[in-house]
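The values are calculated or read from the model by the stated rules, or taken from the named source; none is laboratory data. In this text, all values refer to a predicted model and were calculated from it rather than measured experimentally. Note that each Cβ is placed from the backbone with ideal geometry, even for glycine, and that neighbours are counted across all protein chains shown. Please note that ligands, DNA and RNA were not included when accessible areas were found on the heavy atoms of the full protein model with its side chains. Shrake-Rupley method; radii C 1.70, N 1.55, O 1.52, S 1.80 Å.
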Amino acid sequence: MLLSSPRFTGENRPPFELKGSLFTLTVLHLFQLDRAAIERHLTDKVKQAPSFFNDTPVVIDLDALAEPRDGVDSVDFQGLYQTLRQYGMAPVGIRHGSPELQARARLAGLPVLPDNRSASAAKKSEPTEPPSPHSRVIHHPVRSGQQIYVADGDLIVLGAVSAGAEVIADGNIHIYGVLRGRALAGVKGDVEAWIFCQSLEAELISIAGRYRISEQIDSAGQGKAMQIHLVDDRLVIEALAH
Amino acid sequence: MATVIVVTSGKGGVGKTTTSASFATGLAQRGYRTAVIDFDVGLRNLDLIMGCERRVVYDFINVINGEANLNQALIRDKHVENLYILPASQTRDKEALTKEGVERVLDDLRQSFEYIVCDSPAGIERGALMALYFADEAMVVTNPEVSSVRDSDRILGILASRSRRAEQGDPPVKEHLVLSRYAPERADRGDMLSVEDVLEILGIPLLGVIPESPTVLQSSNAGVPVILEEGSDAGAAYGDLVDRFLGKNLPHRFITPPKKGFLKRLFSGG
């Protein structure tokens, strides 16, 4: 579809296009900078599997590297790069290490990759959690003036949520009826939370604090089965996927 | 075993007392021993609607406080057999309604009556909460108007969470919808909510639709429950409502505009 659109045909076609992609990278945890020692170890490795390192992209991790005795200025990233390349590896950058080491690596043309330890740890804790044992199923309609809050889990309502009622969850909210009241999902800040309802006539919807009142909800979606989630910090209200 | 029915709405002026009076009268007419209690302490009205205001000696609060016994306070209705009225106190306020006191009075009434109708005050405060707390069934009176519907929704939520049945985990209070002051031609024009609109929002079974009728006001002022007004639409609708409550399967009347006769059509140009 994109290619057939007029913007990308003939002379107007841009010289390149950027797209995100995922690659598996080998991480080389460097413990010391003794080039001779590195070469010896590499020779051993290559002997075991001769073509194993052919153009293998590697990231040099400096986290476990002992502080160089002669100071940071003595570190020769250029030389390290050439050694690794000689044995078939293709260093794409470094990560961790002191700011001084990182600056030196940049000088040698090795980019510093972002430290993703905290991000990956946070990600792991969310989606890998089993379906929360704290989820609650409400078997009756939620009437005006009633408020239901589910901590650390999803809220499932098998009926309507009336105008003036509030359904709140730390996780997702599923409403198998008309949503006329307020629905607030991910109230503790979970931007991955969703709201699903059989008919959207809500007074207010909110995910992780981003909210919209009924006036701001596109009338095209009113009264229809909809799903609501956050994309780049913006509430997206769309037809329920079947 | 006696059945306790609360007539409630949240909103004021929708026809709770009118409904309580006609419903209780209808049950008694059909041979059931019935008591109707005015829970609107401080704003006593039921006695007026039922035309017994000049015979009030003792009231509900006197009985709760042990200042009178039930037989002294119950007023025998002069229109139909089997019907007794327990009036509210006009000089006290709702704080006088204690849970223990109300329970004791209801337990006493259960001994000698088949149906006990509790006429709730408006609001969601003590009076209304006490009126619905011991209920087995609830008649939620609603006008075809958004604020009334929302207040009814609120009351339904309270019935489902704060009644004795809810607190003790017993089967829930049985809910009935009474749609009063309904004008089919105005609903058709979109001036007021239709029966379907109200049912869709509240989602409870419809027991009766009472048409807007000048007879209601006239009979209130005369102290005669409108169900006794033979030939009036509202009276007939209450009659149907009582029969439906007792298990008869009757179609709903008065929910479509009356058909215009040939001459009327000719002269209205329609």
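Of note:
- Evaluation of B:R165 against (1) open to solvent by 10 Å² or more (accessible area, probe 1.4 Å); (2) within 25 Å of B:N249 (Cβ to Cβ); (3) modelled with pLDDT of 95 or more (one fails), failing number: (2)
- Note on the range A:143-174: residues that are more than 14 Å from every other protein chain (Cβ to nearest Cβ), open to solvent by less than 10 Å² (accessible area, probe 1.4 Å) and either over 30 Å from the mean Cα position of the chain (by Cα) or of a type in the set (V, I, T) (or both) total 2.
- Of the listed requirements (1) more than 14 Å from B:I37 (Cα to Cα); (2) touching a helix residue (DSSP H, G or I) at 6+ places or on another chain (Cβ under 6 Å), B:A122 misses just one: (2).
- Test for A:E215: is it more than 14 Å from every other protein chain (Cβ to nearest Cβ), within 21 Å of the chain's Cα centre (by Cα) and open to solvent by 60 Å² or more (accessible area, probe 1.4 Å): no
- Taken together, the residues in the range A:175-204 that are away from chain B (no Cβ under 11 Å), out of contact with any helix residue (DSSP H, G or I) (no Cβ under 9 Å at 6 or more places or on another chain) and either surrounded by 22 or more Cβ atoms within 10 Å (Cβ to Cβ) or without any contact (Cβ under 8 Å) to a residue 60 or more places away in the chain (or both) amount to 18.
- Sole exception among (1) surrounded by fewer than 24 Cβ atoms within 10 Å (Cβ to Cβ); (2) more than 16 Å from the chain's Cα centre (by Cα) for B:Y84, by number: (2)
- Members of the range B:24-73 that are of a type in the set (A, V, I, L, M, F, W, C), in contact with a Pro (Cβ under 9 Å, 6 or more places away or on another chain) and open to solvent by less than 70 Å² (accessible area, probe 1.4 Å): B:A24, B:I37, B:F39, B:V41, B:L46, B:I49, B:M50, B:C52, B:V56, B:F60, B:A73
- Looking across the range B:44-80, the residues that are touching a residue at least 40 places away in the same chain (Cβ under 8 Å) and either among the β-branched types (V, I, T) or farther than 26 Å from B:Q218 by Cα (or both) come down to B:I49, B:F60, B:V63, B:I64, B:V80.
- Qualifying residue in the range A:67-90 (condition: within 14 Å of chain B (Cβ to nearest Cβ), open to solvent by 30 Å² or more (accessible area, probe 1.4 Å) and either modelled with pLDDT under 85 or touching a Ser or Thr at 6+ places or on another chain (Cβ under 8 Å) (or both)): no
- From B:L159, B:L207, B:L217, B:L109, residue being within 14 Å of chain A (Cβ to nearest Cβ) and either in contact (Cβ under 8 Å) with a residue 24 or more places away in the chain or open to solvent by 10 Å² or more (accessible area, probe 1.4 Å) (or both): B:L159
- Subset tally (residues that are among the charged types (D, E, K, R) and modelled with pLDDT of 85 or more) for the range A:105-118: 1
- Flag if B:R181 is in contact with a strand residue (DSSP E or B) (Cβ under 8 Å, 6 or more places away or on another chain) and either more than 24 Å from B:K78 (Cβ to Cβ) or crowded, with 17+ Cβ neighbours inside 10 Å (or both): yes
- Each residue in the range A:13-45 was checked for being of a type outside the set (K, R), surrounded by 10 or more Cβ atoms within 10 Å (Cβ to Cβ), at pLDDT below 80 and over 19 Å from A:Q78 (Cα atoms), and 1 pass.
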